[in-house]
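The values are calculated or read from the model by the stated rules, or taken from the named source; none is laboratory data. Since the model is a prediction, treat every value here as computed from it, not as a measurement. FYI the Cβ positions are ideal-geometry reconstructions off the backbone, even for glycines, and counts take in every protein chain you see.
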Amino acid sequence: MSELTDIIKNMIRHDGPMDLARYMELCLTHPQYGYYVTRDPFGGAGDFVTAPEVSQMFGEMIGLWLALYWQNCGSPKRLNLIELGPGRGTLMADLLRGTRNVAGLHQALTITFVEKSPTLRDKQRDAINASGFSGDVTWAEHLNEFAADDAMSVVIGNEFLDALPIHQCTFTEKGWMERAVGLSDDGQLQYGLIPVSPLLKVLIEERTDTPALNDLVEISPERDAYIRDVCAVIKKNNGAALFIDYGHDVPNAKGDTFQAMRDHGFVEALKKSGHADLTSHVDFFRTKQVAEAAGAAGFGTMTQGDFLHHIGIGHRAQNLVQNAGDKAEDIYNAYKRLTDADQMGDLFKVVAFTYNDKGVPIL
């Protein structure tokens with residue numbers, strides 16, 4: 001049992017079953033007991049390892065992507081770099097160290113971290129200080145707080161979209177129903193079904209072909225809205241966005257991808273609410289549809305392995321290995337973990353959006 005479990009049970013007793021999206025939102029971002037608010041979940045001592053924690057090479061390749069895009073756009077004198085869900089700040093710190101010799105880039109940069117967790121904000125601040133970056137760094141709880149000025153903006157999100165809330169809907173003999181969290185006879189959290197809202201019904205019918213009995217689809221108006229917010233920021237001054245996440249890029253996708261992770265393993269999502277990371281696979285086909293409907297040009301989807309190789313991670317790994325001594329094997333293994341098809345290389349995908357045809361993203 002957890003404090004948040006008790007809160008959720010009382011909410012259900014008062015208001016009735018809650019949809020999965022609301023349950024995810026509470027578990028991850030409750031202001032007192034939310035998963036991301038109360039802990040540092042990253043790394044070997046946490047619950048999972050993200051690509052920036054695997055190797056410095058990941059952040060360096062994102063930095064090279066940024067530098068090439070900025071140069072393709074004519075090296076503007078001001079550049080807003082915004083990272084969504086930046087974890088410990090590892091990606092940004094490695095990006096900055098890897099681009100310190102790119103003439104003019106750091107002088108142009110203003111960095112904004114979109115982060116709700118006070119614990120992680122402190123770690124991000126430490127990481128930036130250790131990187132030696134001396135430019136302006138600010139924090140915001142939501143992208144909507146970012147007031148774009150006359151500078152070009154670039155948004156980066158690594159393993160960010162997967163944690164935005166989803167709705168799960170299944171086709172039954174009564175038609176489409178939505179998965180919800182309610183209470184069992186003995187007062188425990190359990191899954192059930194509720195009627196779909198009119199909005200969800202419209203979205204389902206827009207995005208699915210003729211359903212079969214027990215078909216399950218995942219819909220995320222919250223993710224769609226966030227992509228629209230990103231597009232509004234980058235549109236103002238012809239910027240770009242880069243997203244890396246695990247997911248799929250197929251039309252009319254079906255299936256249950258909702259998962260909970262703790263201590264580097266999968267656990268039951270309804271046990272100890274707020275003590276596990278809750279995510280789903282990103283529907284990149286839908287993500288590109290939303291961005292393109294907002295007027296952006298979409299690039300990808302490309303596998304993480306192909307993207308990193310395209311940027312030059314193989315050459316970087318070779319240079320590091322040659323000078324690493326007894327750590328050479330660790331570097332090689334990290335490179336393989338990031339790029340191999342049976343590890344992170346194919347599971348994770350990369351997509352980019354832009355409003356600047358002069359600075360086509362390097363994908």
- [ ] Among the residues of region 322-363, write down those that are loosely packed, with under 15 Cβ neighbours inside 10 Å, within 23 Å of D283 (Cα to Cα), touching a Gly at 6+ places or on another chain (Cβ under 9 Å) and among the charged types (D, E, K, R).
- [x] D340
Open item on the list: Could you check region 230-278 and list, in sequence order, the residues that are more than 30 Å from A151 (Cα to Cα) and of a type in the set (F, W, Y)?
Closed with: Y246, F258, F266
Open item on the list: Given the criterion of a type in the set (A, V, I, L, M, F, W, C), in contact with a strand residue (DSSP E or B) (Cβ under 7 Å, 6 or more places away or on another chain), more than 22 Å from T279 (Cβ to Cβ) and surrounded by fewer than 17 Cβ atoms within 10 Å (Cβ to Cβ), identify the matching residue among I128, I194.
Closed with: I194
- [ ] Take region 202-257 and flag every residue that is among the charged types (D, E, K, R), at pLDDT 90 or above and over 22 Å from the mean Cα position of the chain (by Cα).
- [x] D215
TODO: Determine if region 81-95 includes at least one residue that is assigned to a helix (DSSP H, G or I), over 20 Å from D245 (Cβ atoms) and more than 17 Å from the chain's Cα centre (by Cα).
DONE: yes
Task: region 256-289: number of residues that are hydrophobic (A, V, I, L, M, F, W, C) and in contact with a Phe, Trp or Tyr (Cβ under 9 Å, 6 or more places away or on another chain) - done: 8
Task: Which numbered condition D306 misses (of (1) assigned to a helix (DSSP H, G or I); (2) under 18 Å from the mean Cα position of the chain (by Cα)) - done: (2)
TODO: Starting from region 262-291, keep only residues that are at positive phi, then list their pairs with residues that are assigned to a strand (DSSP E or B) whose Cβ atoms are within a distance under 7 Å, requiring at least 6 positions of separation or different chains.
DONE: H264/F48
- [ ] Would you mind telling me which numbered condition in (1) surrounded by 15 or more Cβ atoms within 10 Å (Cβ to Cβ); (2) at pLDDT below 95 P118 fails?
- [x] (1)
TODO: Would you check if N319 is farther than 29 Å from R39 by Cα, touching an Asp or Glu at 6+ places or on another chain (Cβ under 6 Å) and surrounded by fewer than 20 Cβ atoms within 10 Å (Cβ to Cβ)?
DONE: no
Task: Sole residue being at pLDDT below 95, within 30 Å of R337 (Cα to Cα) and among the polar types (S, T, N, Q), chosen from T99, T90, T5, T50 - done: T50
